[in-house]
1. Take the range 29-74 and flag every residue that is closer than 11 Å to Ala10 by Cβ and in contact (Cβ under 8 Å) with a residue 40 or more places away in the chain.
2. Can you tell me which residue within the range 148-171, out of those that are within 20 Å of Asp102 (Cβ to Cβ) and over 19 Å from the mean Cα position of the chain (by Cα), is surrounded by the most Cβ atoms within 10 Å (Cβ to Cβ)?
3. Which pairs turn up if I take residues in the range 162-178 that are part of a helix (DSSP H, G or I) and look for partners that are at pLDDT 85 or above and of a type in the set (Phe, Trp, Tyr) with beta carbon separation below 9 Å, at least 6 apart in sequence or on another chain?
4. Filter the range 1-12 down to the residues that are more than 13 Å from the chain's Cα centre (by Cα) and not basic (Lys, Arg), then identify the one that is modelled with the highest pLDDT.
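The values are calculated or read from the model by the stated rules, or taken from the named source; none is laboratory data. This structure is a prediction, so every number in the text was calculated from the model and none was measured. Quick reminder, even Gly has a Cβ in these numbers, built from the backbone with ideal geometry, and neighbours come from all protein chains shown.
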Amino acid sequence: MSRSVLVTGASKGIGRAIARQLAADGFVVGVHYHRDAQGAQETLDAILAVGGAGRLLSFDVASREQCREVLEQDIDAHGPWYGVVSNAGITRDAAFPALSDDDWDAVIHTNLDSFYNVIQPCIMPMISARQGGRIITLSSVSGVMGNRGQVNYSAAKAGIIGATKALRLSWQNVKSPSTASRRG
């Protein structure tokens, strides 16, 4: 059975690059998108063009119900994921006094709540499969140091760092480097 990895936010940017690399490494890739169906299809087409395998999954990572419904159906149809890359994220930058409730909520729900919304339906099937799977979360230096005009984004990314560290402590033999840096 091929190992499958879900990559959220795989329709462009970092998510697309991760999805393509995982496919090149032999994984079946779940190419997730919410609004950018064309971008997700381009990612999948690039994977298929080099002999890789994958499938599209569409849901809003900010919606617990959508995540649970789509991911449980996918797991029922294809088996548990070997890995999950929690990459999807947005920014809605503004000076704190000008930050709207909608901008706060959108960033927190998309960037932080998605940690729970996506990983929670996947984790027990992964553990039960005993395949040694991986959960990878992406954060930002803004979550460590903060950034001007990004109070909402910094809060969400700091939350991801803390949640990832706590998750790693929750399970015996879980490998979680938690932080990595890349300059350049």
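1. Across the range 29-74, the qualifying residues are Gly30, His32, His34, Leu57.
2. Gln150
3. Filtered contacts from the range 162-178: Ala163/Phe115; Ala163/Tyr116; Thr164/Phe115; Leu167/Phe115.
4. Ranking the candidates gives Ser4 first.
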